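The values are calculated or read from the model by the stated rules, or taken from the named source; none is laboratory data. These numbers come from a predicted model, not from an experiment. Cβ sites come from the backbone with ideal geometry, for glycine too, and all protein chains shown count toward neighbours.
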Amino acid sequence: MKRLRLVGTGRSPVTTRVLLIALIFLPALALAYAGPGAGFAVLSSFWAIFVAFLYSVYALMTWPIRQLFRFMRRRNAYGKATFERAVILGFDGMDPELADRFMNEGRLPNLVKLRDKGTFSKLRTTFPPISPVAWSTFMTGVNPGKHNIYDFLARDTSNYLPFLSSAEIKGPKRHIKIGKYSIPFGKTQIKGMRKGTPFWHWLGNAGIFSSVIRVPVTFPPEKFQGVLLSGMCVPDLKGSQGTFCLCTTRASSDKFREGGVRVPIERKNGVCRSYIPGPDSPLAEKAGTELRVNFEIRPEPGLKSARFAVGSEKFALKVGEYSEWIPAEFKAGLGFTAHGICRFYLKELSPEVEVYVTPVNIDPGHPDLPISHPVTYSIYLAKLFGAYATLGLAEDTWALNEHVLDDDAFLAQAYGNHEDRERMLFDALEKTKQGLCTCVFDTTDRVQHMFWRYLEEDHPAARDVPHSQHPPVIQDLYERMDRLIGRVMEKIDDDTLLLVISDHGFKSFARCMNLNAWLHQNGYLTLKDGKTESGDWFEDVDWSRTRAYTMGLNGLYLNIKGREKQGIVDAAEVEALKAELQQKLNGLVDPASGTVGITGVFIADNVYRGPYTENSPDLIVGYGAGYRASWDSVMGKVTARIFEDNIKAWSGDHCIDPRLVPGVLFSSHKFIAEKPAIVDVAPTILKLFGLALPAHFDGKPWNLAAKAR
Amino acid sequence: MAIAGHAAAIAAFRFFLLTSPLAIVVVVSLVVGLLMVVLFGYTSDQKAIGVAKDELKAYLLAVRLYRDQIPVVMGSYGKILRGTGRYLKLAFKPLLYVIIPIILLMVQIDRYLGQTPIPVNAPFLITVHLSDQYVSSLTADALDSVTLDLPPEITMTAPALHISAESEIVWRLAGSKEGKYEVKVAAAGQSVAKSVCVGSDLARISTVRLRGHFWERMFSSAEPALPETSPIESVAINYPDRNIEIAGYGVNWIWLFFILSMVAGFIFKELLGIQI
């Protein structure tokens, strides 16, 4: 935003002000002449006060009636509650071993206070230990067989292709063709795939208010008594899970493996022009007609900064600097506009010009898809704090993996998002004096994923940096989280329960394993004749001769007759094949290091119970510490090599044997619980608020050691 | 033929724009609305105004979102009031800047649109106010010494009315022919002139001629100041107020201008992306 001031009036400010005041206050007529300026100010203020007044009258008049109604319906919601309020801070991926180590090093004084006064324990995670799975279990209190989330991706049995497991977004069914336009009629259909009922719905039914911020797999938002901002799995404006854009004058035909596109910058007469790719036009007859927002870059003399013009927005950036969130309106015609926001990062001005643009997030102040409940909650936050990241995976790990961003630029982005989240949390704490306040911070997960390489002496992804020069990024991360906890502790009293939890821990990801390659080399997966490798998503797999395959992070599937379209495994063979694969994979050794690459293979029937087990993988593969499914294997690619070094910045992971990566549990009050698990959180909270536990819950509530009310 | 008709239509439209008070108010309102918005944009802290407005909206939404939590609702009301104050403070400074040119412009327009000329043969009053100092320095009936010198087209229709308590003399006059005339008023051997406009066309009108009173002169008079040595403080004529007909109602141009310029301003602010 520009900030312009009147200059060169040629009169001293004091004289000007005296004259102006004289003009206004001496003759009565002048007030009438103040005209539209005064009118604007008065009308705008009057509008605010008038609306506030109407609201206040409405709220005050109806409050007793609503309270009476609530009382009659639910009696005293907090009558049996042990605490007035529960605050749950979710630190995605906070690792208990690291937390313990840093506490012992004196880095985390506030977590030490919680440990000493309340509880510190490992928190058992889910099978598999993946965020969407674990957070779904956290909120529903059930195992994945009852909430239907087994990974980020699920597979379509009709074509072996993946789809997002958490939500399905479809355009309107009906279109009317007028000339070159195909006009959609009806709403975009968004279907949540996660089943089960989040525990804040049970609280809401009992009249207990909840503020829920960025808990994963809460998109699309569901109706309940409280406010909720959706987290992980919210798409970007393109509908993807995050597609960054590198605008560059460098000619290159290379494509990014995942998560980004390269867009050319045209340089002419000192002005650089490029565009931000957006969603497909909803009006175009032909699918894949991309909408774009053009922008201009005018490098300043000296080539250390540049002025940008994006639509009506104008701003300046130095090299190595991020912009604020900039509105990006993708106009399709006939008044159809998709509203997004993005940030620009000026990478380079000389000799070439390169600009990184974040994925285009859904504009929280003007959401084209619902990202909160009520819809106005995201708008409220945007008005209060300004625009903020809404994309589920807002920290652009792909851009760092692809060397589009460097370490510092990634951290600046991640901590920028984190600060926004902190502001939201403290606002929710202020607004939720009674009830539940829960907020999940993703920074812990993303930073550990990307900077684990600096925690080890000989990580393949950091071999070019001497260990003595490894920056203490993860230590800083834990200290930052500890300071946040300290500030939260200042805001709560003894009648508030504070839980700090994580969905899983973390381990090194130094070696990749292509399980599809292993299946291929061991005769379970067959390629088309003449092929030694396969492209993405099983491009060259011969399904008529394939008995097992893997996609996603931990799931192993059998190609079962009658289930998969080209299934060949008879129902009678299924159990034997599962046992055979379990026996062969369990304890599989990486020949290069002699280390066990897979420490556990779990048959789904033994770990899942519930109505949605038919959608689960047949086996869950638990990789050993230091190992994980290779990037290729995740995408259904079959390579020649089974094991290889992981040299990407994404150097830490948790998608391994769940027994190796429990999460953390800290609490302000002492709990007596043997081997607490993330599935226990929901029943524990319901019990602490005095509610009966639904019979279908898998978790068991923890007992509070002592608490006087 | 068609070209001639077209030219005639354009000429008629121009004439309408120049002579119709309604057309003038509409055009001026549009121009002023645009100028106000542009000036406001250049003289205000747009970012701060945007933030203040957004916060106000947020507090309003908070009332709705947390409606069952009375402390939050009451706190939000307090913030709405404080936010409104902050917004007004931010809007006041640019308002000061934009008021100067607008006031000067409006004063000039008011000369034309504020009053109508005296209709032909219609009676009107001319009021001469003498300084109290002059009146008290003379003997009784000092007001008798003040005389009026009229042009042939202006006639006196009633004897002068002396209001001694107010040091004023009022004459009732009438104009027999359209035109601009000068009426001369003499007192203590000094004569001053006051313009009189008779007719029905749009004309620049000065309702009063004043001695001193700088600010009042700036807003009310379109004539030079009376000499400082003159015993006459003011000479005023009661021109009829002009009303512009809108849907059968007579409206003062100021109100019409106020509404139209605001509407124009709201439209232009959207088009120009300026926060108000």
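Assorted remarks:
- Options A:Thr137, A:Thr126; residue that is of a type in the set (Val, Ile, Thr), over 25 Å from A:Leu369 (Cβ atoms) and in a loop (DSSP other than H, G, I, E, B): A:Thr126
- Scanning segment A:561-574 for residues that are of a type in the set (Asp, Glu) and in contact with a helix residue (DSSP H, G or I) (Cβ under 9 Å, 6 or more places away or on another chain) gives a single hit, A:Glu564.
- Filtered by the rule that a residue be within 20 Å of A:Thr684 (Cα to Cα) and either out of contact with any Ser or Thr (no Cβ under 9 Å at 6 or more places or on another chain) or assigned to a strand (DSSP E or B) (or both), segment A:202-224 gives A:Trp202, A:Asn205, A:Ala206, A:Gly207, A:Ile208, A:Ser210, A:Ser211, A:Val212, A:Ile213, A:Val215.
- Residue within segment A:621-637 that is buried (at least 19 other Cβ atoms within 10 Å of the Cβ), among the hydrophobic types (A, V, I, L, M, F, W, C) and assigned to a helix (DSSP H, G or I) present: yes
- The set of residues from segment B:225-251 being polar (S, T, N, Q) and free of Cβ contacts under 8 Å to residues at least 12 places away in the same chain comprises just one member, B:Asn243.
- Of all residues in segment B:124-140, none satisfies being within 13 Å of chain A (Cβ to nearest Cβ) and surrounded by fewer than 19 Cβ atoms within 10 Å (Cβ to Cβ).
- Against the numbered list (1) loosely packed, with under 12 Cβ neighbours inside 10 Å; (2) assigned to a strand (DSSP E or B), B:Ala165 comes up short only at (2).
- B:Asp110 being over 30 Å from B:Gly41 (Cα atoms) and assigned to a helix (DSSP H, G or I): no
- Within the span defined as segment B:35-50, one or more residues are at pLDDT below 90, assigned to a helix (DSSP H, G or I) and closer than 23 Å to B:Met218 by Cα.
- Among the strands (runs of 3 or more DSSP E) confined to segment B:177-247, the ones with at least 3 residues that are surrounded by 14 or more Cβ atoms within 10 Å (Cβ to Cβ) are located at B:179-187, B:190-198, B:208-210, B:232-237.
- Residues within segment A:144-179 that are outside any strand (DSSP E or B), within 22 Å of A:Asp605 (Cα to Cα) and free of Cβ contacts under 8 Å to residues at least 12 places away in the same chain, tallied: 0
- Residue that is nearest to the other protein chains (Cβ to nearest Cβ), among those in segment B:70-90 that are touching a Phe, Trp or Tyr at 6+ places or on another chain (Cβ under 7 Å) and touching a residue at least 12 places away in the same chain (Cβ under 8 Å): B:Ile80
- Considering only residues in segment A:378-400 that are part of a loop (DSSP other than H, G, I, E, B) and either within 14 Å of chain B (Cβ to nearest Cβ) or among the hydroxyl-bearing types (Ser, Thr, Tyr) (or both), the one that is surrounded by the fewest Cβ atoms within 10 Å (Cβ to Cβ) turns out to be A:Gly386.
- When B:Gly273, B:Gly250 are checked against the criterion of being farther than 30 Å from B:Gln133 by Cβ, within 26 Å of the chain's Cα centre (by Cα) and of a type outside the set (A, V, I, L, M, F, W, C), B:Gly250 stands alone in meeting it.
- Qualifying residue in segment A:209-230 (condition: of a type in the set (D, E, K, R), touching a Cys at 6+ places or on another chain (Cβ under 8 Å) and closer than 30 Å to A:Thr82 by Cα): yes
- Of everything listed in (1) touching a Pro at 6+ places or on another chain (Cβ under 7 Å); (2) among the polar types (S, T, N, Q); (3) over 30 Å from A:Phe697 (Cβ atoms), the single unmet condition for A:Thr595 is (1).
- Residue check for A:Ser182: in contact with a strand residue (DSSP E or B) (Cβ under 6 Å, 6 or more places away or on another chain), buried (at least 19 other Cβ atoms within 10 Å of the Cβ) and in a strand (DSSP E or B): no
- Segment A:280-323: number of residues that are within 14 Å of chain B (Cβ to nearest Cβ), free of Cβ contacts under 8 Å to residues at least 60 places away in the same chain and basic (Lys, Arg): 0
- Subset of segment B:178-219 that is within 16 Å of B:Pro240 (Cβ to Cβ) and within 14 Å of chain A (Cβ to nearest Cβ) - its residue that is nearest to the chain's Cα centre (by Cα): B:Thr207
- Those residues of segment B:58-117 which are crowded, with 20+ Cβ neighbours inside 10 Å and among the small types (Gly, Ala, Ser), in sequence order: B:Ala58, B:Ala62, B:Ser76, B:Gly83, B:Ala91
- Unmet criterion (only one of (1) over 19 Å from B:Leu226 (Cα atoms); (2) in contact with a Pro (Cβ under 9 Å, 6 or more places away or on another chain)) for B:Glu182: (1)
- Residues of segment A:364-376 that are hydroxyl-bearing (Ser, Thr, Tyr) and crowded, with 24+ Cβ neighbours inside 10 Å: A:Ser372 alone.
- When segment A:143-176 is filtered for residues that are aliphatic (A, V, I, L, M) and over 24 Å from A:Ala284 (Cα atoms), the ones remaining, listed by number, are A:Ile149, A:Leu153, A:Ala154, A:Leu161, A:Leu164, A:Ala167.
- Every pair of residues 6+ apart whose Cβ atoms lie under 8 Å, when the first sits in segment B:58-69 and is more than 7 Å from chain A (Cβ to nearest Cβ) while the second is hydrophobic (A, V, I, L, M, F, W, C) and outside any loop (DSSP other than H, G, I, E, B): B:Tyr59/A:Ala52; B:Tyr59/B:Ile80
- With respect to (1) within 14 Å of chain A (Cβ to nearest Cβ); (2) modelled with pLDDT of 85 or more; (3) in a loop (DSSP other than H, G, I, E, B), the lone exception for B:Gln275 is condition (2).
- Number of positions in segment A:519-560 that are of a type in the set (A, V, I, L, M, F, W, C), out of contact with any helix residue (DSSP H, G or I) (no Cβ under 7 Å at 6 or more places or on another chain) and surrounded by fewer than 23 Cβ atoms within 10 Å (Cβ to Cβ): 2
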